[in-house]
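Heads up: the structure comes next, in C-alpha cells.
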Amino acid sequence: MRLRNWIAVVVSVLLLVAVGIVGVLVNRSALRAADTVHRTDSRALAVNNATLAGQMQLLSAKELSEFAASYPFSLEPGQADDRAALEEYVEKSEVFPYGAAITALDGTLLNASRSHALPAATDPGYQVMRSLLLAKKPGFSSVMTVYGPDGKPIAVEAVAVPIIVNGAAAAVLIGFNKLADTTLQAYTSKLQSDAHLTMIIDSAGTMGFSSDAEKIGTKVDPAIVAAAKANPEGSTFVEYQSGQTKMIAILVTGDVLPGGWTYVRAQTMASFDGAVHSRSQTINVTLLAMLLIGAVGISILGYRTQVQRRRADEKFQALFQHAPDMVAVLDADGRVAYSSPSAASVLHFPPGSLQGHSVFELVHPEDRPSMMAAFGRLLAERDSVLRLQTRILNSAGRATWFEFTASNQMHNPALTGIVINARDISETRAFQERLAYEAQHDPLTGLPNRRRMQDALGSSLRQEAVAVLFIDLDGFKPVNDAHGHEAGDELLRQVADRVSGCVRVQDVLSRVGGDEFVVLMPGVTNRADADAMSARVRMAIERPFRVLGNEITIGASVGVHLAQAADDPDQALRAADHAMYEIKHLGGGRNAAIPAQRELLHVGRHRAED
C-alpha cells in the first residue's frame with residue numbers, strides 16, 4: 001500500500017514536472033513571439049518617424065536651393081546688395097530665420113546677415129556639411145554652438161547648397177536655424193511621452209532635436225554613439241546601463257536622415273518590455289510553486305492547472321481588449337474567422353458582428369481590386385508576409401487609412417487562416433499629404449508654385465496648344481518701400497484673388513516668385529483670346545487696392561505667348577517672359593502696346609532648373 005502511494009506520489013510529481021516544463025516552454029515561446037512583434041512594430045514606427053524627419057530636413061535644403069537659384073549674387077566679399085538679399089531672405093524665411101551666409105568654395109566667408117551671431121568658420125560642425133557638398137549633395141552640419149547677447153549658449157544647425165554660375169559651383173549659400181525653433185523640433189516635441197525619449201543626434205552624439213526641448217545640445221549615452229557608428233545603415237536596437245537602470249534604444253541611421261544624423265528613441269527596459277514580461281514571470285513563479293506542492297495529489301494539481309490556464313486566458317483577452325492595433329484571422333475566402341475586440345471598437349461595429357463577413361466589404365471600393373489581388377498572392381505562397389496600406393470603411397462608411405501586416409498561416413493547425421495585424425496611420429498619411437501639398441504651392445497666396453506650373457505646362461503641351469501669360473506687377477517695389485513687407489504680402493494675396501476671378505476653370509494660375517505670376521490657358525490658339533485675357537488681368541490689377549487702411553494703385557505688364565503642341569515648355573515660358581519685358585521696357589502695362597507673337601526665343605532669364 002505504501003509502495004502504491006509512493007508510486008502515486010512519484011507519478012503525481014512527474015506529471016506535475018512534465019506539465020511545468022511544458023508550461024515554461026510554451027510561455028517562453030509566446031514571450032519570444034510577442035517580443036518579435038513588438039520589436040518589429042517599434043522598428044517600423046522608428047523608421048517611419050526618421051523618414052519624415054529626413055524629408056523635413058531635405059525640404060529646408062530645397063527652399064535654400066530655390067533662393068540660391070533665384071538671386072544673381074555678385075559673390076564679391078562684403079558686397080552690400082548681397083548682404084541685403086541675405087537679410088531680406090532671413091527676415092521672410094520660416095526655415096532659416098536665424099541667419100544666412102555666403103562662403104567661397106574653400107570656406108572663406110564672403111558675406112552674411114547680421115541679425116544673429118553665426119558659428120565661426122573653424123567650427124568642426126562644418127566638416128560633415130562640406131563632405132556632403134563635395135559629394136554633390138545638400139550639406140547638413142552637426143550641432144554647433146553660438147552664444148547670444150545674454151551669454152547663453154544657442155544650438156544651431158547649418159544647411160548648405162552650392163551657388164551655380166555658368167553651370168558650375170562658384171560659392172556656397174548657408175542657412176542657419178536655431179534648432180529649438182525649427183519645424184522638425186516642433187514635430188519631435190509632439191512625440192513626447194513619459195515612457196520614452198525621442199531624439200535626433202549628430203555624429204558626435206549631441207542632441208539636435210528632442211521630445212524634451214531642455215535636452216537640446218546635450219550629449220547622449222556613449223553606448224548609443226558607439227551603436228550608431230557600428231551600424232551606419234538601417235535600424236538597430238542597443239541595450240545599455242544608465243546608472244542602475246537598464247535601458248534600451250532603437251536607432252535609425254543611414255541615408256534616411258541626411259548629414260550623418262541618427263534617429264533615437266530611448267526608454268527603460270522595464271517600460272519597453274511592459275506587462276507581458278511581468279505576467280510571464282508571474283506564470284513561471286506559479287509553475288515553480290506547483291512543483292513544490294506536487295505531493296498534494298493529482299486532483300489539486302489538475303485544479304490548479306485549470307485555474308492557472310483560465311487566468312492566462314483572461315490576461316490574454318485583456319491584452320487584446322485594450323490593444324490599439326486590430327488583430328484578425330481570415331479564412332481562405334477572406335471571411336473574418338476571428339477579430340480582436342479592438343477591431344470592433346476602432347471601426348465602431350457591435351462586438352462580434354464582423355465574424356463571418358468578408359473583409360473586402362470593409363475595404364474602400366477604389367482599393368478593393370488591388371487588395372483582392374494581394375490576398376490571392378498571399379494565399380499562393382506558404383509562410384509569405386505582406387505589408388500594405390489601404391483605406392477601411394467604419395460603420396458610418398467613413399474611410400480611414402490603415403497599415404496591414406498579413407501572414408499566411410493556413411498550414412498552421414492552431415490558426416488555419418491569414419493572420420492580419422492592422423494599425424491606424426491616418427495621422428501619418430495626413431502629414432505626408434500636407435508635406436506634398438506644401439512642396440507644390442506658394443505659402444503666401446496658396447497658388448501653385450513654379451514647380452507645379454512647369455509640370456502643368458509640360459503635361460498640357462504634350463496634348464495641345466497653350467497660351468502662356470507672364471504677369472509682372474508695375475509699382476510693387478515702392479509699395480514695399482513705403483508701407484513695409486507686410487503690406488506687400490497682403491497686396492500679393494489680393495492680386496492673386498483678383499486674377500483668380502479672371503481665369504477660366506481649366507486655366508492654371510501660379511505665383512512663380514516675387515511679384516510675378518503665370519497664367520496657362522490650355523487649348524487657346526487664337527491671339528485675340530489670349531489678349532482679351534491679358535486685358536482682363538490688367539484691368540483687374542489696375543483697380544485700386546485697400547491694403548492695411550491705405551489705398552494703393554499698381555499696374556501690370558503682361559507678356560503673351562501662344563505655344564503650340566509639342567513645343568518646349570521652358571522655351572515657351574522664356575518667350576512669354578521676354579514679351580513681358582518688352583512691355584516693361586516700353587513703359588509698363590498701361591503705356592505699352594501689346595507685342596506681336598514671336599517665334600520661340602532661346603534667350604530669357606528663366607532657366608529649366610529654376
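The values are calculated or read from the model by the stated rules, or taken from the named source; none is laboratory data. Just so we're clear, the structure is a prediction, and the values are computed from it rather than from any experiment. Cβ placement follows ideal geometry from the backbone for every residue including glycine, while neighbour counts extend to all protein chains displayed. Just the protein is used for accessible areas: all its heavy atoms, side chains included, with ligands, DNA and RNA removed. Shrake-Rupley method; radii C 1.70, N 1.55, O 1.52, S 1.80 Å.
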I'd like the full set of residues that are open to solvent by 10 Å² or more (accessible area, probe 1.4 Å), among the aliphatic types (A, V, I, L, M) and farther than 22 Å from Glu91 by Cα, limited to region 109-158.
Ala121, Val128, Leu132, Leu133, Leu134, Ala135, Val143
Spans of strands (runs of 3 or more DSSP E) in region 490-571 with at least 2 residues among the aliphatic types (A, V, I, L, M) and under 19 Å from Thr445 (Cα atoms)
508-513, 516-522
When you look at Ala100, is it surrounded by 19 or more Cβ atoms within 10 Å (Cβ to Cβ), small (Gly, Ala, Ser) and within 28 Å of Gly54 (Cβ to Cβ), yes or no?
yes
Expected single match for touching a residue at least 60 places away in the same chain (Cβ under 8 Å) and either within 23 Å of Ala180 (Cα to Cα) or open to solvent by less than 20 Å² (accessible area, probe 1.4 Å) (or both) among Gly217, Gly205, Gly254 is Gly217
Single unsatisfied condition, Pro232 versus (1) over 23 Å from the mean Cα position of the chain (by Cα); (2) loosely packed, with under 13 Cβ neighbours inside 10 Å
(1)
Test: Pro222 is modelled with pLDDT under 90 and open to solvent by 30 Å² or more (accessible area, probe 1.4 Å)
no
Assuming Phe431 fulfils every condition listed in (1) open to solvent by less than 70 Å² (accessible area, probe 1.4 Å); (2) assigned to a helix (DSSP H, G or I); (3) of a type in the set (A, V, I, L, M, F, W, C); (4) within 16 Å of Arg335 (Cα to Cα) apart from one, which condition is it?
(4)
Checking Ser395 against (1) out of contact with any helix residue (DSSP H, G or I) (no Cβ under 7 Å at 6 or more places or on another chain); (2) at pLDDT below 85; (3) open to solvent by 40 Å² or more (accessible area, probe 1.4 Å), which single condition isn't satisfied?
(1)
Within region 58-69, can one find any residue that is touching a helix residue (DSSP H, G or I) at 6+ places or on another chain (Cβ under 6 Å) and surrounded by 15 or more Cβ atoms within 10 Å (Cβ to Cβ)?
yes
Asp383 versus (1) touching a strand residue (DSSP E or B) at 6+ places or on another chain (Cβ under 8 Å); (2) open to solvent by less than 40 Å² (accessible area, probe 1.4 Å); (3) not hydroxyl-bearing (Ser, Thr, Tyr): which is the lone unmet condition?
(2)
Kindly indicate the residue of region 508-543 that is farther than 29 Å from Tyr89 by Cα and among the polar types (S, T, N, Q) and also least open to solvent (accessible area, probe 1.4 Å) among those meeting that condition.
Ser534
Which residues, counting only those in region 1-51, are modelled with pLDDT of 80 or more, surrounded by 12 or more Cβ atoms within 10 Å (Cβ to Cβ), farther than 20 Å from Asp325 by Cβ and out of contact with any strand residue (DSSP E or B) (no Cβ under 9 Å at 6 or more places or on another chain)?
Ile21
The one condition Val468 fails out of (1) without any contact (Cβ under 8 Å) to a residue 12 or more places away in the chain; (2) within 16 Å of Gly523 (Cα to Cα) is (1)
